[in-house]
Amino acid sequence: MDKEQDIEKLHAEIKRLRELIGSWKRKAEGKESKPRRIFKESYRQNDDQLSHIKTYIIDYIPGDLSAEQALNEIVTSGILRQNEPYRFHGLAYTVKHDAWILELKNTVIHDNLEKYWEYYDIRQRRRNLKEYEKQ
C-alpha cells in the first residue's frame, strides 16, 4: 500500500514539473498566454436570485491607465466573450496585487435552493433555541 502511494505521489510530482517546465518554455519563447487568474469565486443571494461571481486578477493591463481605458482593453481582448454567460459586474485597481480586479456575474437557477434555505433556517432556529436555553 505504501509503495502504491509513493508511486502516485511521484507521478503527481512528475506532472507538476512537466507543467512548470512547459510554462517556462512558453515564456522563454514568448508564447505565453495572457494571464487571467481566478482570484476568488463566490455565491451571493439577493432577494430570490442566486448569483455566481468570478473575480479575476488582470495583471497584463498597466495600472496607470484610467478605469475606462482598462475596461475598453478588457472588452476588446475578448475576456467577456470567453466567459459567457457571465456578465460584467465590476472593475477596480488594487495596489496590493498591482493589477486590475475584474468581477463577472451570472444569475444561477438552483433547484435545491429552497431546500437549502429551509435546512439553513432550521439550523438557525436550533442555534437560537440552544442560546436561549443557556440563558
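Within the range 74-100, restricting attention to residues that are aliphatic (A, V, I, L, M) and surrounded by 15 or more Cβ atoms within 10 Å (Cβ to Cβ), which residue is farthest from GLU41 (Cα to Cα)?
Just the residues of the range 74-100 that are aliphatic (A, V, I, L, M), to begin with: 74-75, 79-80, 91-92, 95, 99.
Restricting the remaining residues to those that are surrounded by 15 or more Cβ atoms within 10 Å (Cβ to Cβ) gives 74, 79-80, 91, 99.
Working: ILE74: 19, ILE79: 16, LEU80: 16, LEU91: 15, ALA99: 17 Å.
Here the answer is ILE74.
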>> Exactly one condition in (1) of a type in the set (Ser, Thr, Tyr); (2) farther than 18 Å from ALA99 by Cα; (3) surrounded by 13 or more Cβ atoms within 10 Å (Cβ to Cβ) is false for SER42; which is it?
In response: (3)
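Out of the range 61-96, which residues are of a type in the set (Gly, Ala, Ser), under 25 Å from SER51 (Cβ atoms) and without any contact (Cβ under 8 Å) to a residue 40 or more places away in the chain? Let's see the steps before the verdict.
Quick first cut of the range 61-96, residues of a type in the set (Gly, Ala, Ser) only: 63, 66-67, 70, 77-78, 90, 92.
Next, from what is left, pick out any that are under 25 Å from SER51 (Cβ atoms): 67, 70, 77-78, 90, 92.
ALA67, ALA70, GLY78, GLY90, ALA92 - these are the residues of the range 61-96 that are of a type in the set (Gly, Ala, Ser), under 25 Å from SER51 (Cβ atoms) and without any contact (Cβ under 8 Å) to a residue 40 or more places away in the chain.
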> Would the range 79-88 turn up any residue that is within 21 Å of the chain's Cα centre (by Cα) and at pLDDT 90 or above?
Replying inline: yes
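For every residue, the table says whether it meets (1) in contact with a helix residue (DSSP H, G or I) (Cβ under 9 Å, 6 or more places away or on another chain); (2) outside any helix (DSSP H, G or I); (3) in the same structural domain as PHE39 (by TED's automatic domain parsing).
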site: ILE53; (1), (2), (3): no, yes, yes
site: TYR56; (1), (2), (3): yes, yes, yes
site: GLY63; (1), (2), (3): yes, yes, yes
site: ILE74; (1), (2), (3): yes, no, yes
site: GLU84; (1), (2), (3): no, yes, yes
site: PHE88; (1), (2), (3): yes, yes, yes
site: LEU91; (1), (2), (3): yes, yes, yes
site: LYS96; (1), (2), (3): no, yes, yes
> Does LEU104 satisfy being surrounded by 11 or more Cβ atoms within 10 Å (Cβ to Cβ), in a strand (DSSP E or B) and at pLDDT 75 or above?
Replying inline: yes
>> Looking only at the range 46-60, how many residues end up being among the acidic types (Asp, Glu) and in contact (Cβ under 8 Å) with a residue 24 or more places away in the chain?
In response: 1
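The values are calculated or read from the model by the stated rules, or taken from the named source; none is laboratory data. In this text the structure is predicted, and so the values were computed from the model without any measurement. Glycine gets a Cβ as well: all are built from the backbone with ideal geometry, and neighbour counts include every protein chain shown.
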